[in-house]
Amino acid sequence: MSERGRFAGKVVLISGGASGIGAAAARGFVDGGAKVVLGDLQVAKGEAAAAALGANALFVQLDVTQEASWAAAVAAAQARFAALTTVVNSAGISVPANIEDETLEGFHRTMSINLDGTFLGCKAAVAALKGGKGGAIVNIASTLGVRSGSIFPSYSASKGAVRLLTRSVALHCAEQRYDIRVNAIMPGAIHTEMVEGYIAAGQAAGATRDDVINGFAQGHPLKRLGKPQEAAAAILFLASDEAAFITGADLPVDGGFLA
Ligand SMILES: NC(=O)c1ccc[n+]([C@@H]2O[C@H](COP(=O)([O-])OP(=O)(O)OC[C@H]3O[C@@H](n4cnc5c(N)ncnc54)[C@H](O)[C@@H]3O)[C@@H](O)[C@H]2O)c1
């Protein structure tokens, strides 16, 4: 199969598609012949990302924490591209704070975007994809949903939950014979705006930019940060027909972090 046709006929809705891993996945899907809808809170950035992808991409404003916002995004995808086959739940935040510093409000905000947002994305996806010609959902968990660190109580709780949410939705779709596969990836440190936030926080605390980057790199056996395209490649694989017998999986993309 030519690379051009790998995603021919697919229409992909990507939450968090304006930035980082979601934006890199959007590029990969379009290059493979898919139509893509980028859903994000960031309007200017999302519109620019969609414009750069050309006529096969559309931006819609999406707040993943709002069920009505998901319904509108799905409707926009179906109206523009006459179908929806694939949903990638990439919207997320990471605000480091240990259990003593984290507030209940902060915990709820992280859970709302990372977990409620993925729950609502799965719910909207199953409703839209069932009865179609086969579909796929890819969620973005994290290595920090398996191992944690002292500054990640909220983030790790949300990402551990995304892993098991993914399995439950996968089993339901299999039981119902919906022909919808549901998988997750677990990225290690991937150099996106999210990691730039950690770098800025490290610098504010007196570290150099290189100190922070090297600190992340040293935690990974491959001794570097991942690239957004490297996380996106795993999303593309799980969404593709090459992964036809894979459902309920969570695939590390982590330079050996979990090994
Ligand atoms: N970068 C990493 O090291 C890393 C590691 C593991 C997992 N992840 C996960 O990968 C996913 C993508 O992260 P990234 O690194 O590309 O970060 P990013 O900050 O570049 O992108 C995240 C996007 O989500 C959007 N977003 C936030 N809240 C939203 C909401 N309520 N509704 C819609 N969109 C919203 C942001 O506007 C942003 O465009 C996240 O789920 C993140 O937790 C990232």
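What follows is calculated from the coordinates using simple rules that are stated; it is not laboratory data. Bear in mind that the values here come from a model prediction, so they are computed numbers and not experimental data. Methodologically, a virtual Cβ is constructed for each residue, glycine included, from the backbone with ideal geometry; neighbour enumeration extends over all protein chains shown.
Computed quantities for the displayed model
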| item | result |
| --- | --- |
| Residue 227/residue 98 FRET efficiency (R0 30 Å; Cβ-Cβ; nearest 0.05) | 0.55 |
| Extension gain, residue 75 back to residue 245 (0.36 nm per residue minus Cα-Cα distance, nm) | 58.3 nm |
| Within the chain, helix-based [θ] at 222 nm, where runs of 4 or more DSSP H residues each add -39,500 (n - 2.57), nearest 500 | -14000 deg cm²/dmol |
| DSSP-assigned coil residues among trypsin sites (Lys or Arg not before Pro) in the range 190-232, each with at most 16 further Cβ atoms within 10 Å | 223, 224 |
| In nm, spacing of pseudo-spin labels at residue 150 and residue 31 (7 Å Cα→C-beta vector) | 4.1 |
| Other-chain or far-sequence residues with amide H under 5 Å of residue 39's (modelled H) | 14, 15, 16, 17, 60 |
| Amide H contacts of residue 57 (H built 1.01 Å from N, under 5 Å, at least 5 apart or other chain) | 36 |
| Potential extension, residue 175-residue 109 segment - 0.36 nm per residue separation minus Cα distance | 20.5 nm |
| Too-long pairs where the Cα-Cα distance tops 22 Å, listed order kept, from 35/130; 159/227; 10/123; 45/159; 45/227 | 45/159 |
| Long-range HN-HN contacts of residue 139 with modeled amide H, under 5 Å | 89, 183, 184, 185 |
| Loop-located trypsin sites (Lys or Arg not before Pro) in the range 100-134, at most 13 other Cβ atoms within 10 Å (DSSP) | 133 |
